[in-house]
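As C-alpha coordinates, the structure follows; a few thoughts come after it.
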Amino acid sequence: QVYLRESGGGLVEPGGSLRLSCAASGINFRLYTMNWYRQAPGKPRELVANITSEGNGNYEDSVKGRFTISRDNVRRTTFLQMDNLKSEDSATYFCNVLARGTAYWGRGTQVTVSS
(Lines give C-alpha, C1' and ligand atoms only; values in the text may rest on other atoms or scores of the structure.)
Protein backbone atom coordinates (compact mmCIF):
# COMPACT_ATOMS: atom_id res chain seq x y z
CA GLN A 1 0.00 0.00 0.00
CA VAL A 2 1.30 3.42 -0.98
CA TYR A 3 0.98 6.21 1.55
CA LEU A 4 1.89 9.86 1.18
CA ARG A 5 1.73 12.15 4.21
CA GLU A 6 2.17 15.88 3.90
CA SER A 7 3.12 18.22 6.72
CA GLY A 8 4.41 21.72 7.29
CA GLY A 9 1.50 23.88 6.25
CA GLY A 10 0.22 26.78 8.28
CA LEU A 11 -0.58 30.47 8.43
CA VAL A 12 2.14 32.87 7.31
CA GLU A 13 2.30 36.54 6.45
CA PRO A 14 3.03 37.70 2.90
CA GLY A 15 6.76 37.51 2.25
CA GLY A 16 7.16 34.70 4.74
CA SER A 17 8.37 31.14 4.25
CA LEU A 18 7.16 27.62 4.85
CA ARG A 19 8.72 24.23 4.23
CA LEU A 20 6.40 21.41 3.28
CA SER A 21 7.34 17.76 3.64
CA CYS A 22 5.90 14.64 2.05
CA ALA A 23 6.85 11.30 3.54
CA ALA A 24 6.25 8.29 1.30
CA SER A 25 5.94 4.61 2.01
CA GLY A 26 5.05 1.56 -0.05
CA ILE A 27 7.12 2.51 -3.08
CA ASN A 28 10.77 2.32 -4.09
CA PHE A 29 10.92 6.06 -3.55
CA ARG A 30 14.19 6.78 -5.34
CA LEU A 31 12.79 5.54 -8.66
CA TYR A 32 9.88 7.95 -8.95
CA THR A 33 9.21 11.54 -9.88
CA MET A 34 7.49 13.23 -6.95
CA ASN A 35 4.96 15.98 -7.52
CA TRP A 36 3.49 18.84 -5.50
CA TYR A 37 0.06 20.10 -6.50
CA ARG A 38 -2.12 22.76 -4.95
CA GLN A 39 -5.80 23.58 -5.05
CA ALA A 40 -7.44 26.79 -3.95
CA PRO A 41 -11.19 26.97 -3.30
CA GLY A 42 -13.13 27.11 -6.55
CA LYS A 43 -10.05 26.49 -8.66
CA PRO A 44 -8.70 23.37 -10.36
CA ARG A 45 -5.82 21.47 -8.89
CA GLU A 46 -2.56 22.60 -10.44
CA LEU A 47 0.95 21.20 -10.58
CA VAL A 48 3.32 23.44 -8.65
CA ALA A 49 6.60 21.58 -8.89
CA ASN A 50 8.06 18.16 -9.37
CA ILE A 51 11.40 16.48 -8.94
CA THR A 52 12.63 13.62 -11.06
CA SER A 53 14.39 10.52 -9.80
CA GLU A 54 17.63 12.17 -10.93
CA GLY A 55 16.88 15.16 -8.73
CA ASN A 56 15.91 17.64 -11.44
CA GLY A 57 13.26 20.12 -10.37
CA ASN A 58 10.57 21.67 -12.54
CA TYR A 59 8.33 24.56 -11.55
CA GLU A 60 5.13 26.26 -12.53
CA ASP A 61 5.91 29.76 -13.77
CA SER A 62 4.32 31.65 -10.89
CA VAL A 63 6.55 29.96 -8.30
CA LYS A 64 9.87 30.00 -10.17
CA GLY A 65 12.53 31.70 -8.10
CA ARG A 66 10.45 31.45 -4.93
CA PHE A 67 9.89 27.70 -4.42
CA THR A 68 12.52 25.00 -4.26
CA ILE A 69 11.77 21.30 -4.44
CA SER A 70 14.16 18.68 -3.09
CA ARG A 71 14.21 15.07 -2.05
CA ASP A 72 15.91 12.81 0.47
CA ASN A 73 15.89 9.26 -0.86
CA VAL A 74 17.14 7.81 2.42
CA ARG A 75 14.26 9.37 4.36
CA ARG A 76 11.87 8.77 1.43
CA THR A 77 10.74 12.35 1.73
CA THR A 78 10.28 15.21 -0.67
CA PHE A 79 10.33 18.84 0.42
CA LEU A 80 8.93 22.06 -0.94
CA GLN A 81 10.65 25.16 0.38
CA MET A 82 8.38 28.14 -0.23
CA ASP A 83 9.83 31.62 0.15
CA ASN A 84 8.43 35.09 -0.47
CA LEU A 85 4.94 33.71 -0.17
CA LYS A 86 2.05 35.63 -1.67
CA SER A 87 -1.65 35.60 -0.91
CA GLU A 88 -2.27 33.80 -4.19
CA ASP A 89 -0.19 30.88 -2.91
CA SER A 90 -2.91 30.11 -0.37
CA ALA A 91 -4.24 26.64 -1.10
CA THR A 92 -4.22 23.06 0.02
CA TYR A 93 -0.97 21.46 -1.10
CA PHE A 94 -0.93 17.82 -2.10
CA CYS A 95 1.87 15.37 -2.67
CA ASN A 96 1.46 13.00 -5.60
CA VAL A 97 3.26 10.12 -7.24
CA LEU A 98 2.42 8.05 -10.30
CA ALA A 99 3.53 4.53 -9.47
CA ARG A 100 2.74 1.32 -11.29
CA GLY A 101 0.13 3.08 -13.39
CA THR A 102 -1.75 4.53 -10.43
CA ALA A 103 -1.79 8.10 -9.15
CA TYR A 104 -1.45 8.29 -5.38
CA TRP A 105 -2.29 11.36 -3.34
CA GLY A 106 -1.77 12.51 0.18
CA ARG A 107 -4.51 14.20 2.17
CA GLY A 108 -2.95 17.61 1.77
CA THR A 109 -1.68 20.36 4.02
CA GLN A 110 -3.23 23.81 4.18
CA VAL A 111 -1.17 26.90 3.42
CA THR A 112 -2.70 30.27 4.19
CA VAL A 113 -0.85 33.47 3.35
CA SER A 114 -2.46 36.43 5.02
CA SER A 115 -1.62 39.47 7.08
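Looking at THR102, SER87, LEU47, which one has the Cα that reaches farthest to the positive end of the dipole of the chain (charges on Cβ: Lys, Arg +1; Asp, Glu -1)?
Ranked along the dipole, the leading option is THR102.
Roughly to the nearest percent, how much of the accessible area of the chain is carbon and sulfur, given a 1.4 Å probe?
45 percent
Picking from LYS43, LYS64, LYS86, which is most flexible by a Gaussian network model of the chain using Cα springs under 10 Å?
Checking each option, the largest mean-square fluctuation is seen for LYS43.
Quick one: plug the Kirkwood hydrodynamic radius of the chain (C-alpha pairs) into Stokes-Einstein at 20 °C, 1.002 mPa s, and report D in µm²/s.
Estimated via Stokes-Einstein, D reaches 153 µm²/s.
Select from ASP61, ASP89, ASP72 the residue whose mean-square fluctuation is largest in a Gaussian network model of the chain (Cα-Cα springs shorter than 10 Å).
Maximum among the listed residues: ASP61.
Using a 1.4 angstrom probe, figure out how much accessible area the chain has per residue, in square angstrom, rounded to the nearest whole.
54 Å²
So what are the ³J(HN,Hα) numbers for the stretch 90-98, from phi and the Karplus equation (6.51, -1.76, 1.60; θ = phi - 60°), rounded to whole Hz, Gly and Pro as x?
Going residue by residue, I get 4, 4, 8, 9, 10, 8, 8, 9, 9 Hz, with x marking Gly and Pro.
Suppose the chain between ARG30 and GLU46 were pulled fully straight at 0.36 nm per residue; how much longer would it get relative to their current alpha carbon spacing?
3.4 nm
The values are calculated or read from the model by the stated rules, or taken from the named source; none is laboratory data. Keep in mind the model is a prediction, meaning the values are calculated, not measured. As a convention, Cβ positions derive from the backbone with ideal geometry for all residues, glycine included, and neighbour counts pool all protein chains shown. Keep in mind that these areas ignore ligands, DNA and RNA; they rest on the heavy atoms of the full protein, side chains included. Shrake-Rupley method; radii C 1.70, N 1.55, O 1.52, S 1.80 Å.
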